[in-house]
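J.: I'd like to ask you about the structure that follows.
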Amino acid sequence: MKDKLVTKNYIEILAANFLLYFGFYLLMPVLPFYLAEIFNSEKGTIGIILSCYTIAALCIRPFSGYLLDTFARKPLYLLAYFLFTAAFGGYLLAGTLTLFTLIRIFHGLAFGTVTVAGNTVVIDIMPSSRRGEGLGYYGMMNNTAMSIGPMVGLFLHNAYSFEVIFWCALVSCALGLVMASLVKTPAKEPVKREPISLDRFILLKGIPAGICLLLLSVPYGMTSNYIAMYSQQIGITAETGFFFTFMAFGMATSRLFSGRLVDRGKITQVIEAGLYLVCFCFFGLSACGWLIDFSLQWTTYFFFFIALLLGIGFGTMFPAFNTLFVNLAPNSQRGTATSTYLTSWDVGIGVGMLAGGYIAQKGTYRTNSHFQNSLFIRSSINGYFFILLSDKSSSTLSSA
């Protein structure tokens with residue numbers, strides 16, 4: 001008989017996660033307009049201010065993992081959630097660009113902490129035998145928010161003022177905070193306080209898997225940030241925003257079955273299948289540059305079909321990677337495992353953004369697409385080797 005996964009606690013933390021990311025994605029496409037229209041910021045300045053958020057989240061994650069492994073997890077989760085929610089109110093009060101930038105950095109610190117904390121708490125309240133499936137559904141909340149949040153944000157931008165958008169994001173996260181406060185977590189078992197060392201901030205056993213995830217997230221960062229410009233350059237006239245909608249739908253769909261396969265012990269097989277699919281997708285994106293010379297209509301269909309498959313490929317691998325990191329760590333280091341997992345992903349995304357812009361500046365976005373293919377194939381070969389090493393190490397800890 002299967003251990004019960006869907007409980008009151010689990011539903012509450014799913015709702016809390018969805019509402020948090022909905023508030024995040026609601027604001028994401030609107031902030032560039034806000035900075036340009038309210039503060040008359042230039043494009044370069046907007047990019048720097050927005051990137052402060054990601055850099056701050058990246059810097060805090062190793063420390064948040066350490067804190068979650070050292071102190072009670074739920075109070076830290078609620079504190080970080082509260083600070084993340086309060087930052088939306090700070091945007092309403094920011095009267096200068098300097099103050100807005102400081103609030104943006106503060107918001108990034110809160111985001112980096114609350115995401116690690118939420119991911120760790122959900123692991124604590126679910127049975128280990130259904131960890132892959134549970135993490136899949138938990139991540140599906142992110143994808144659902146990603147598929148509807150930006151569209152709602154742009155709709156509000158066209159119909160209402162920026163203040164209304166900030167208030168909507170604030171209310172969404174406030175409701176999420178209420179749901180998070182209702183979650184009952186098991187008492188944290190006392191552990192011996194080890195001296196502060198590197199492995200308290202980074203899961204050393206997870207470094208091979210972290211390198212793999214980093215390599216795989218580089219082409220993901222290139223695609224997510226430059227796909228609109230690439231489609232415009234090759235001549236696709238359809239609304240590129242649907243690319244992300246199809247991609248989010250593919251991620252959500254894949255999580256319905258990939259987590260169950262992970263729970264049957266097929267971690268490396270699931271990642272391998274995702275690697276093959278995503279590799280095909282990058283070749284497909286590159287081929288669109290030539291196919292469009294034959295038929296704009298069918299190339300457009302193929303372009304969005306690739307988005308769906310790309311979402312399925314990455315969505316298939318995410319629960320497997322997350323489970324792999326958790327299996328590599330004892331209970332006392334779940335926070336560190338989660339922060340290492342998220343940090344590896346964020347570093348790769350950042351490298352992809354920088355490398356993609358540099359390559360496109362020196363050549364074209366079509367050149368960028370070719371580079372993604374080469375990089376992803378090499379990443380897949382190297383990454384799969386790292387996964388095999390990590391999976392062997394995780395076998396003794398998988399039921400922890």
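J.: When the chain is fully extended, how far beyond the present Cα-Cα distance does Q233 get from V178, taking 0.36 nm per residue of separation?
T.: 15.2 nm
J.: Convert each backbone phi in segment 107-112 into a coupling constant with the Karplus relation 6.51 cos²θ - 1.76 cosθ + 1.60 (shift: θ = phi - 60°), then list the ³J(HN,Hα) values in order as whole Hz, x for Gly and Pro.
T.: Per residue, the Karplus-derived 3J(HN,Hα) values read 5, x, 4, 5, 5, x Hz.
J.: Three principal axis extents, largest first, for the C-alpha atoms of segment 67-178, in Å?
T.: Principal-axis extents of the Cα atoms in segment 67-178, largest first: 48, 30, 21 Å.
J.: Could you derive backbone 3J(HN,Hα) for segment 176-185 from the dihedral phi with the Karplus parameters 6.51, -1.76 and 1.60 (θ = phi - 60°), listing whole Hz in sequence and x where the residue is Gly or Pro?
T.: Values, residue by residue: x, 5, 4, 4, 5, 5, 7, 5, 9, 9 Hz.
J.: Please arrange M141, M222, M151 by accessible surface area, largest first, computed with a 1.4 Å probe and ligands excluded. If you can, show how the numbers build up before the last one.
T.: Values: M141 40, M222 5, M151 100 Å².
From most accessible down to least: M151, M141, M222.
J.: Would you pull out the residues with amide H under 5 Å of S41's amide H, same chain only if 5 or more places away, H placed 1.01 Å from N?
T.: A36
J.: Right, another one. Identify the trypsin sites (Lys or Arg not before Pro) of segment 123-194 meeting these criteria: DSSP loop state and at most 11 other C-beta atoms within 10 Å of the C-beta.
T.: K184, K192, R193
J.: What is the distance in Å between the Cα centres of segment 30-76 and segment 293-341?
T.: 22
J.: Select from segment 1-61 those GluC sites (Glu not before Pro) which occupy a DSSP coil region and have at most 12 other Cβ atoms within 10 Å, ordered by residue number.
T.: Working: sites: E12, E37, E42; in loops: E42.
Sparse-neighbourhood loop GluC sites (Glu not before Pro): E42.
J.: Can you list the HN-Hα couplings for segment 208-215, worked out from phi with the Karplus curve (6.51, -1.76, 1.60; θ = phi - 60°), rounded to whole Hz and with x for Gly and Pro?
T.: Karplus-based 3J(HN,Hα) across segment 208-215 equals x, 5, x, 5, 4, 4, 4, 5 Hz.
J.: Okay, next question. How much length is gained on full extension from D293 to L154, taking 0.36 nm per residue of separation minus their Cα-Cα distance?
T.: Extending this stretch completely gives an extra 46.8 nm.
J.: Please state, rounded to one decimal and in Å, the Kirkwood hydrodynamic radius that segment 1-59 gives when every pair of distinct Cα atoms enters the mean of 1/r.
T.: So the Kirkwood estimate lands at 14.3 Å.
J.: Too long at a 23 Å Cα-Cα cut-off: which of K4/K184; K8/K74; K4/K205; K4/K74; K8/K205? Mind showing how you got there, number by number?
T.: Details: K4/K184 16 Å; K8/K74 16 Å; K4/K205 30 Å; K4/K74 21 Å; K8/K205 33 Å.
Flagged as over cut-off: K4/K205; K8/K205.
J.: Counting other Cβ atoms within 10 Å, keep those with at most 14, restrict to DSSP loop, and tell me which trypsin sites (Lys or Arg not before Pro) in segment 234-290 are left.
T.: R264
The values are calculated or read from the model by the stated rules, or taken from the named source; none is laboratory data. Keep in mind that this is a model prediction, so the values were computed, not measured. Positions of Cβ are backbone-derived with ideal geometry, glycine not excepted, and every protein chain shown enters the neighbour counts. The accessibility values were calculated without ligands, DNA or RNA, using every heavy atom of the protein model including side chains. Shrake-Rupley method; radii C 1.70, N 1.55, O 1.52, S 1.80 Å.
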